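Report on the following structure.
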Amino acid sequence: MKPNLTVIILLTIAAISSSNCDRSGSISPPDSPAGTITHLPYLTTDGSELLHMSWVETDTTAGTHRLLAARYDPMGWSSPQKLADGNSWFVNWADYPSILTTEGRLRAAHWLQKIPGNAYSYNIRMLLAARDTAPEAVITPHFDSTATEHGFVSMIPHPDSSNIMAVWLDGRRTADRAENEYTDLAKAMTLRSALIRPNGRVSGRSLIDSTVCDCCQTSLVMTENGAVAAYRNRTKQEIRDIYVSKFAGGRWTRPIPVHPDNWQIGGCPVNGPVIQASESTIAVAWFTGAGDQYRVKAAFSNIDTLSFSEPVTIDDGTPIGRLDAVFITPELLAVSWMEKVQNTAHLNVRTVDIQTGKTGRITTIGELSPDRQSGFPQMEVTDNTLYFAWTDVGSHSDRQLALATLPVARLLE
């Protein structure tokens, strides 16, 4: 019988036969900030070094959803804060809500709202928390009225003002696309951005790329030289590799590939990249199936040049992808991913040195379902500890959040 807790803390300690791997044990779970039937966790930290988590709580009887958030500090979890609720949300295992925090406070949150049309007609809804003289506001950052997909949002604070920069996948050009027109790139998914003021005013709306993969996550990072977005591109030949674009001088630069994997696939792999920054370096981690060889990779570039190193292969097995990445030191990037192991999956993590490309040993954080319902595991670092979160799948109506911790020192041994 499962304990009546929705957050389970696991610590990966016990060794297995491979000399560069660890396997998991457990420690006592703390009090949980979440209720029952919870899923779609999202972890983030900010300059205050506090850990924040959002999640979705579902009432299966009423068909309603709530987006909640809590903060973790040395005293434990704060009381959950309800950010939004509704009975007409688009709730998807890969296109999950997120939050943005600064200086220990909630800055913004987003979720997806169904609109009349078809099963994949939905808008982005964004909560802007009360800040200074600006009251709380709920807005939609895109102004088109098409009954199409809008999602896979990334948000970061803009360094020059109190604005927020957001990027998202925007399907407005797919509005009249028939099934047999999927290969018509004039009607492809697009990547767009906007600046959002605390009062809800949206400005600087931009088209970053007119042809992108339909349902891979986006990623966005702010550097000292401007924001950089990473995403999965799409070509006429159905090559779906990872591209980046930098916001400089008030406009997005021409997108360039991180590496020419040349993954030709006639549909979306639902596996987006992660981009992070450390001092003068940016890192991109991603999943690819080029040449029918599934791999998790990472590559690095100077912020100024956007000229990436040859990629380093992170996994050494059969990855599913669904990765995350964080810098644990200025020189070491930690990458997590899901690895298929017989009928289950392991959540693994490994470091890579951005200067030498040398990888550390693989540590297995926990075992989870390889099914879609387990979602995209999250990873964050604060106070010399890595935190992980994912959806623990029992029956479809018995989903709970799972959390794991790992001291950074364990990855440095």
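The values are calculated or read from the model by the stated rules, or taken from the named source; none is laboratory data. As the structure is a prediction and not an experimental result, all values here were calculated from the model. Because the Cβ atoms are built from the backbone with ideal geometry, glycine has one as well, and the counts that use them run over all protein chains shown. Surface areas here come from the heavy atoms of the whole protein model, side chains and all, with no ligands, DNA or RNA. Shrake-Rupley method; radii C 1.70, N 1.55, O 1.52, S 1.80 Å.
Report, by residue number, each residue of region 358-388 that is hydrophobic (A, V, I, L, M, F, W, C) and closer than 19 Å to Ile275 by Cα.
Phe376, Met379, Val381, Leu386, Phe388
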Quick check on my filter: what residues within region 68-86 are open to solvent by less than 40 Å² (accessible area, probe 1.4 Å) and assigned to a loop (DSSP other than H, G, I, E, B)? none
Among (1) part of a strand (DSSP E or B); (2) open to solvent by 20 Å² or more (accessible area, probe 1.4 Å); (3) at pLDDT below 95, there is one condition Leu401 misses while meeting the rest; what is its number? (2)
Per the filter on region 47-67, residues more than 15 Å from Met126 (Cβ to Cβ) and crowded, with 16+ Cβ neighbours inside 10 Å are Leu50, Leu51, His52, Met53, Trp55, Val56, Glu57, Thr58, His65, Arg66
Might you let me know whether region 112-122 holds any residue that is among the charged types (D, E, K, R), buried (at least 16 other Cβ atoms within 10 Å of the Cβ), closer than 17 Å to Ala194 by Cβ and under 24 Å from the mean Cα position of the chain (by Cα)? no
Of all residues being open to solvent by 50 Å² or more (accessible area, probe 1.4 Å) and more than 23 Å from the chain's Cα centre (by Cα) in region 198-219, which is modelled with the lowest pLDDT? Just the residue, please. Asn199
Looking at region 36-48, I want the residues that are within 17 Å of Met379 (Cβ to Cβ) and have a partner that is of a type in the set (D, E, K, R) and part of a loop (DSSP other than H, G, I, E, B) with Cβ atoms under 7 Å, at least 6 apart or on another chain. Which pairs are those? Asp46/Glu103
Note on region 73-123: residues in contact (Cβ under 8 Å) with a residue 60 or more places away in the chain and either of a type in the set (Ser, Thr, Tyr) or under 19 Å from Arg399 (Cα atoms) (or both) are Phe90, Trp93, Ala94, Asp95, Tyr96
In region 113-145, how many are in a strand (DSSP E or B) and not basic (Lys, Arg)? 11
Within region 225-232, does at least one residue satisfy the condition of being open to solvent by 10 Å² or more (accessible area, probe 1.4 Å), hydroxyl-bearing (Ser, Thr, Tyr) and out of contact with any helix residue (DSSP H, G or I) (no Cβ under 7 Å at 6 or more places or on another chain)? no
Do the conditions hold for Phe376, that is, is it within 15 Å of Trp337 (Cβ to Cβ), at pLDDT 95 or above and hydrophobic (A, V, I, L, M, F, W, C)? yes
Number of the condition not met by Ala178 [criteria: (1) over 30 Å from Thr223 (Cα atoms); (2) open to solvent by less than 40 Å² (accessible area, probe 1.4 Å); (3) among the small types (Gly, Ala, Ser)]: (2)
